[in-house]
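All remarks here apply to the structure that follows.
What follows draws every value from the coordinates through simple rules; no lab data is involved. As the structure is a prediction and not an experimental result, all values here were calculated from the model. Cβ placement follows ideal geometry from the backbone for every residue including glycine, while neighbour counts extend to all protein chains displayed.
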Amino acid sequence: MKVTIKGQVTIPLEVREKIGITPHSEVAFIEDKSGRFYITKVKHHNQKKSRFRSASKVAPLMMSTDEIMALTRGE
């Protein structure tokens, strides 16, 4: 595997699939005690859920536009 002038490499498809790396994923390089580096996918535990995704699970089927807007605004 060659490194570009910018320091970039292409992660092979089978590695991306196994680790779960998709476009826009973040990765980290972890160094162990022997000096070897490992690549891992960064997991975001604090990622805020979309207010629209949250609202879709609690909104009644028949709501007025004003009720929907209030719900999506968190009012």
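Things worth noting here:
- Sorted largest first, the principal axis extents computed over the alpha-carbon atoms of region 1-43 equal 30, 28, 17 Å.
- Inter-label distance for GLU75 and ILE5, nm, one decimal - labels placed 7 Å from Cα along Cα-to-Cβ: 5.6 nm
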